[in-house]
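**Student:** Next up is a structure, given as structure tokens.
The values are calculated or read from the model by the stated rules, or taken from the named source; none is laboratory data. Computed from a predicted structure; not experimentally measured. Cβ atoms come from the backbone with ideal geometry, glycine included; neighbour counts cover every protein chain shown. We work out accessible area using only protein heavy atoms, side chains counted, and drop any ligands, DNA or RNA first. Shrake-Rupley method; radii C 1.70, N 1.55, O 1.52, S 1.80 Å.
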Amino acid sequence: MVDADPLRVKEMLYNLLSNAVKFTPEGGKVWVEIQEDAGFARVTVGDTGVGIPHEEQENIFDKFYQVGNTTRGVREGTGLGLSITKELVQMHGGWIEVDSRPGEGSRFTFTLPTVATGA
């Protein structure tokens with residue numbers, strides 16, 4: 001169990017999953033992994049999409065920043081999803097990071113504190 005607002009967790013996942021789908025060509029894969037690590041739940045949304053150039057990864061969490069075109073060849077959205085997700089994760093006491101390579105896809109991982117359970 002995580003110590004988080006369920007509606008906001010849903011929003012975080014929706015933002016990351018919609019980006020993964022948007023930037024993954026037909027026949028590609030999108031997945032979610034969850035693991036517990038030292039008092040935090042680590043949630044990863046991964047894809048086999050177009051990937052993000054290393055030099056742009058620092059800016060992708062900025063408001064209105066958009067990387068290239070989607071797999072359909074046009075920009076979609078406002079460029080707010082990742083900045084909102086980062087803000088929500090930080091408000092819950094977690095962090096978010098990206099691991100991505102052009103042509104190989106992306107993995108966005110965020111953490112949320114877990115709730116201590118009594119034994």
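**Student:** The chain: percent of C-alpha pairs farther apart than 25 Å?
**Tutor:** So the portion of pairs separated by more than 25 Å is 22 percent.
**Student:** Something else now. Between residue 84 and residue 32, what FRET efficiency follows from the Cβ-Cβ distance if R0 is 25 Å, with the result rounded to 0.05?
**Tutor:** 0.85
**Student:** Within 10 Å of each candidate Cβ there may be at most 12 other Cβ atoms; applying that plus a DSSP loop requirement, which chymotrypsin sites (Phe, Trp or Tyr not before Pro) in segment 22-67 survive?
**Tutor:** 64
**Student:** Largest first, how would 29, 86 line up by accessible area (1.4 Å probe)?
**Tutor:** 29, 86
**Student:** With each pseudo-label sitting 7 Å past Cα toward Cβ, what's the residue 116-residue 42 distance in nm, one decimal?
**Tutor:** The two pseudo-label positions are separated by 2.3 nm.
**Student:** Could you give the longest part of the chain that holds none of the GluC sites (Glu not before Pro) found in DSSP loops with at most 10 neighbouring Cβ atoms within 10 Å?
**Tutor:** The answer is 59-119.
**Student:** Is there a quick way to get the dipole size of the chain? I mean about its Cα centre, with the Cβ of Lys and Arg at +1 and of Asp and Glu at -1; what is the value in debye to the nearest 20?
**Tutor:** About 320 debye.
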